[in-house]
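A.B. asks: Sharing a structure, written as structure tokens. Questions coming.
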Amino acid sequence: MSEPEVSPSVVFIGVGANLGPVRENFIRALRSIEKCARVVAVSSLYESDPVGPQDQPKFTNAVVKAETELSPFELLDYLKTIEREIGRKKTKRWGPRVIDLDIIFYGDLVITTDSLVIPHPRAHERRFVLEPLLEIDPAAWHPAKNMAVRDICSGLGDSQAISKTDGPEVLL
């Protein structure tokens, strides 16, 4: 008897950094993600003020849409490995970093464990996550909030300024 076919899951991965060669680190992360997933789309790069301590450089953010056969926990482990390979060190919460990879959505799953929360627990509060996500998937749906991402984003108001700095072609 043969193994049942596993159909890939659509995932959205947030990419962020504010230290080191940011664009080069984004490219390294994207190339590594391509080893475990089929990248479907990559957003433009967006710049935003840091969340938390303001005495650090602005962050650059993007979102990757991909299809993977890894489980959510396998994907998390893989993303943490990529972060370590690029040089991320464990630092204070919301501190500066050379790379940050977060699972924003994994299909329509809602998972809450000590090691993994999907959807990302603060994605719905962050324009620097939602706008790049909408750029590559205007019909995106937040499975835990049971709302269109577009509606969540429009409810954020103007308190979180972000600016598009480069198109996705700089990463491809």
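The values are calculated or read from the model by the stated rules, or taken from the named source; none is laboratory data. Model, not experiment: these values are computed from the prediction. Every residue, glycine among them, receives a Cβ derived from its backbone with ideal geometry; neighbour counts consider all protein chains shown.
A.B. asks: Filter segment 83-94 down to residues that are at pLDDT 90 or above and surrounded by 13 or more Cβ atoms within 10 Å (Cβ to Cβ), then give me how many there are.
C.D. replies: So in segment 83-94, the residues at pLDDT 90 or above come out as 83-86.
Remaining after also requiring surrounded by 13 or more Cβ atoms within 10 Å (Cβ to Cβ): 83, 86.
Qualifying residue count, segment 83-94: 2.
A.B. asks: While we're looking at this one, here's another question. Scanning segment 142-172 for residues that are of a type in the set (S, T, N, Q) and outside any loop (DSSP other than H, G, I, E, B), which turns out surrounded by the most Cβ atoms within 10 Å (Cβ to Cβ)? Before you say what the answer is, go through the steps one by one.
C.D. replies: Filtering segment 142-172 down to residues of a type in the set (S, T, N, Q) leaves 146, 154, 159-160, 163, 165.
Right, trim to outside any loop (DSSP other than H, G, I, E, B) and you get 154, 163, 165.
On the way: S154: 11, S163: 9, T165: 16.
Among those residues, the one meeting the criterion is T165.
A.B. asks: Another question, if that's okay. Filter segment 98-114 for residues that are in contact with a helix residue (DSSP H, G or I) (Cβ under 7 Å, 6 or more places away or on another chain) and not in a strand (DSSP E or B) and give the result.
C.D. replies: Hits for segment 98-114 are V98, I99, L109.
A.B. asks: What number of residues within segment 41-82 satisfy the criterion of being in contact with a helix residue (DSSP H, G or I) (Cβ under 6 Å, 6 or more places away or on another chain) and either surrounded by fewer than 19 Cβ atoms within 10 Å (Cβ to Cβ) or not in a strand (DSSP E or B) (or both)?
C.D. replies: Qualifying residue count, segment 41-82: 4.
A.B. asks: In the list S115, S71, which residue meets the criterion of being free of Cβ contacts under 8 Å to residues at least 12 places away in the same chain and out of contact with any strand residue (DSSP E or B) (no Cβ under 8 Å at 6 or more places or on another chain)?
C.D. replies: S71
A.B. asks: Hey, another quick one. Hey, among the residues in segment 118-140 that are modelled with pLDDT of 95 or more and loosely packed, with under 14 Cβ neighbours inside 10 Å, which one's nearest to V64 (Cα to Cα)?
C.D. replies: So the residue we want is P138.
A.B. asks: Just for segment 28-39: of the residues that are in contact with a helix residue (DSSP H, G or I) (Cβ under 9 Å, 6 or more places away or on another chain) and either more than 24 Å from A140 (Cα to Cα) or without any contact (Cβ under 8 Å) to a residue 40 or more places away in the chain (or both), which one is surrounded by the fewest Cβ atoms within 10 Å (Cβ to Cβ)? Explain how you work it out, then say what you get.
C.D. replies: Here is the first cut: in segment 28-39, the ones in contact with a helix residue (DSSP H, G or I) (Cβ under 9 Å, 6 or more places away or on another chain) are 28-29, 32-33, 35-37, 39.
Add one more test, that the residue is either more than 24 Å from A140 (Cα to Cα) or without any contact (Cβ under 8 Å) to a residue 40 or more places away in the chain (or both), and what stays is 28, 32, 35, 37, 39.
Numbers: R28: 17, S32: 19, K35: 8, A37: 22, V39: 17.
Here the residue is K35.
A.B. asks: Go through segment 80-127 and report how many residues are under 19 Å from A62 (Cα atoms) and touching a Lys or Arg at 6+ places or on another chain (Cβ under 7 Å).
C.D. replies: 6
A.B. asks: Now for a separate question. Answer with yes or no whether F105 is more than 17 Å from Y46 (Cβ to Cβ), buried (at least 18 other Cβ atoms within 10 Å of the Cβ) and aromatic (F, W, Y).
C.D. replies: Considered against the rule, which asks whether it is more than 17 Å from Y46 (Cβ to Cβ), buried (at least 18 other Cβ atoms within 10 Å of the Cβ) and aromatic (F, W, Y), F105 comes out as yes.
A.B. asks: Across segment 54-106, what is the number of residues that are within 19 Å of I136 (Cβ to Cβ) and polar (S, T, N, Q)?
C.D. replies: Within segment 54-106, residues that are within 19 Å of I136 (Cβ to Cβ) and polar (S, T, N, Q) number 3.
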